[in-house]
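The values are calculated or read from the model by the stated rules, or taken from the named source; none is laboratory data. From a predicted model like this one, the values you see are computed outputs, not experimental measurements. In this analysis, Cβ positions are derived from the backbone assuming ideal geometry, glycine residues included, and neighbour counts consider all displayed protein chains.
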Amino acid sequence: MARWEYWVLAFVGQCFSIHVEAQVEWTFQGNPQLYSSGAQVYFELPDGSVLGSFGQDTAPYEGTTDLLELSLFAEPTVHVVPFNSTWHFLNPWALSNDLGYDLWAKPYSSTFEELGWAHVTLDEQFEVVDQTLISYPENPQSAGVRLQASNGDVVFAGMGHLLGEPLGSTSYLLLERYTQDGELVIRMYHPSIGGLLRQVVETPEGYAIAFFNFGGFGPSGFGKVLRFDHEFNYSEGFALPDVNGNASAGGQDSLVYVTGLYTMPGGNTIVAGYHDAFDGPAWHAALMKLDVDGNYVAHIAPAPPNIRSGSVQGLGLRPLSDSTFLWCYYESDVNGEVASRYQIAVVDTNLMILRNTTFDTHYPEAAIDLFEVLPTSDGGYVVSGTTAPIPITTGIAYVAKINGTTGVAERLAPPSVALFPNPGSAFTVQLNNPMLAGSTLQVFDAQGRYVQQITLCSDRTTVDATAWSGGLYHYRITDRTGKMVHQGKWMRE
């Protein structure tokens, strides 16, 4: 594994930089004798280990995808989880539940035929409890996007065509939502002439999707944001202007190849991507802020103008709080597509970079692809992907933990509060920060009338609302000092 270094950029009143020597707590690599499409990491466990997966295969490029090996990564060993399946997987994804863990993946047959969605349930000891294959009449491409909604449901979006129809026939934007137990809630598909989906996010009204194709579904434009209600009915969308604020037009300079999306409570939007730069290197990484109607507000392109750069595809924009998110982009001082270094940036909604970590790939000795970046509770990151020597002969999966640092502008943590299911006849409040124990939950009806107040004494509190009238309720949570830490809406079925 190449030597890795990173630097921290912090803002405290004014901008200054802090250099930190390379500190890697632990590193794991796959079998160098096997081909690998890479490693992925999902979330940090209470003991500090990380749940993730390796994909390795003895016969790449021969009509099969990698066989999945689900693993726990923790210094000094890797614990391989028993996983009894003959499916070949692509793009696995995991999430936690009350009794264990759920794994979602795209399974393929040995002849590379897409089988549907695989839902695998694991108990708290990571033993397989159930494996269910969910098939469907549609055939979305594997390059879809997904998220776990605030009520625990799993949402998928993909582009594809109907089974039995030839390639080149009408394609569809397919939207699906499942309960965390794998039960299909709703499926909707909209005719489209194709396009690439980059990220799906939850909004108060439903969902928003970052999408690009000059035609395709929605308004005419190269990059666009599409909005849907909770039932996946299309509500509205807008084409992205270029980074100068000009309306989208064919053959235009500075159009954004959108790769990520972050929506704010007031309806404003931040998109990540990269754009042509005819006065220098081929691409520039950029963040662009838009108002609720998709009009240009501001943008930043932090890479030096003489450096080729671009947002890392597949990572999107990861929310860290109600006002900060994680953005990853690469920089390369060579003409090829191989990244020389990755930048892992914590950004606020004013497009201020609060913290910047440089992940050096040490090109040209090695080529390292970055697939996942997981913020950890100590302020560091777990990164994963593939590494290969130059010239590239084979890919080797890796996972590495970069430790926490000094000079951090704010602690990196998951959203401090989660409330689910929504809607329902009862709900659970989960506090992800132990400092919030003793906070107060207040609930009001749609007319603003007080309904109930509860002290949240533990990290999980369940509220029985069976006696409440059906309809919309508002809630807010304040800490022990009276400061509001979370607010939102909940629907009583």
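Of the residues 182, 194, which is under 26 Å from residue 371 (Cα atoms), surrounded by 16 or more Cβ atoms within 10 Å (Cβ to Cβ), at pLDDT below 85 and under 21 Å from the mean Cα position of the chain (by Cα)?
Working: 194 fails: under 21 Å from the mean Cα position of the chain (by Cα).
Testing whether each residue is under 26 Å from residue 371 (Cα atoms), surrounded by 16 or more Cβ atoms within 10 Å (Cβ to Cβ), at pLDDT below 85 and under 21 Å from the mean Cα position of the chain (by Cα) leaves just 182.
Can you name every residue in segment 197-214 that is surrounded by 18 or more Cβ atoms within 10 Å (Cβ to Cβ), under 15 Å from residue 239 (Cα atoms) and not aliphatic (A, V, I, L, M)?
Those that are surrounded by 18 or more Cβ atoms within 10 Å (Cβ to Cβ), under 15 Å from residue 239 (Cα atoms) and not aliphatic (A, V, I, L, M): 198, 211, 212, 213.
Take the residues in segment 119-146 that are within 20 Å of residue 314 (Cβ to Cβ) and at pLDDT below 80, then tell me which one is surrounded by the most Cβ atoms within 10 Å (Cβ to Cβ). Outline the logic, then answer.
First, the residues of segment 119-146 that are within 20 Å of residue 314 (Cβ to Cβ): 140-146.
Checking which are at pLDDT below 80 leaves us with 140-144.
On the way: 140: 25, 141: 16, 142: 12, 143: 16, 144: 18.
Step by step, filter segment 119-146, then rank; the result is 140.
Looking for whichever is surrounded by fewer than 22 Cβ atoms within 10 Å (Cβ to Cβ) and under 21 Å from residue 240 (Cα atoms) here; the options are 268, 306, 356. Which one fits?
Details: 306 fails: under 21 Å from residue 240 (Cα atoms); 356 fails: under 21 Å from residue 240 (Cα atoms).
After ruling out the rest, the residue left standing is 268.
Exactly one condition in (1) over 19 Å from the mean Cα position of the chain (by Cα); (2) polar (S, T, N, Q); (3) surrounded by 21 or more Cβ atoms within 10 Å (Cβ to Cβ) is false for residue 384; which is it?
(1)
Being among the charged types (D, E, K, R) and modelled with pLDDT of 80 or more narrows it down to one of 331, 337, so name that one.
Details: 337 fails: modelled with pLDDT of 80 or more.
Criteria check complete, one pass: 331.
Consider segment 199-229. How many of its residues are over 16 Å from the mean Cα position of the chain (by Cα) and in a strand (DSSP E or B)?
9
What's the total number of residues in segment 235-268 that are farther than 17 Å from residue 284 by Cβ, in a loop (DSSP other than H, G, I, E, B) and either touching a helix residue (DSSP H, G or I) at 6+ places or on another chain (Cβ under 8 Å) or at pLDDT below 90 (or both)?
Taking segment 235-268 as the starting set, the residues that turn out to be farther than 17 Å from residue 284 by Cβ are 235-239, 247-251, 261-268.
Then drop every residue that is not in a loop (DSSP other than H, G, I, E, B), which leaves 247-251, 264-268.
Next, from what is left, pick out any that are either touching a helix residue (DSSP H, G or I) at 6+ places or on another chain (Cβ under 8 Å) or at pLDDT below 90 (or both): 247-251, 264-267.
Result for segment 235-268: 9.
Looking only at residues that are among the polar types (S, T, N, Q), surrounded by 13 or more Cβ atoms within 10 Å (Cβ to Cβ) and in a loop (DSSP other than H, G, I, E, B) in segment 147-179, which one is modelled with the highest pLDDT?
179
Identify, please: which residue in segment 423-457 is within 30 Å of residue 45 (Cβ to Cβ) and exposed (fewer than 11 other Cβ atoms within 10 Å of the Cβ) and is, among those, farthest from the chain's Cα centre (by Cα)?
Among residues in segment 423-457 that are within 30 Å of residue 45 (Cβ to Cβ) and exposed (fewer than 11 other Cβ atoms within 10 Å of the Cβ), the one farthest from the chain's Cα centre (by Cα) is 457.
Can you report the number of residues in segment 455-485 which are of a type outside the set (Gly, Ala, Ser), in a strand (DSSP E or B) and touching a residue at least 24 places away in the same chain (Cβ under 8 Å)?
14
Is it the case that segment 293-301 has a residue that's within 22 Å of residue 42 (Cα to Cα) and surrounded by fewer than 21 Cβ atoms within 10 Å (Cβ to Cβ)? Full working, then the answer.
Taking segment 293-301 first, the residues within 22 Å of residue 42 (Cα to Cα) are none.
No, because not a single residue in segment 293-301 is within 22 Å of residue 42 (Cα to Cα) and surrounded by fewer than 21 Cβ atoms within 10 Å (Cβ to Cβ).
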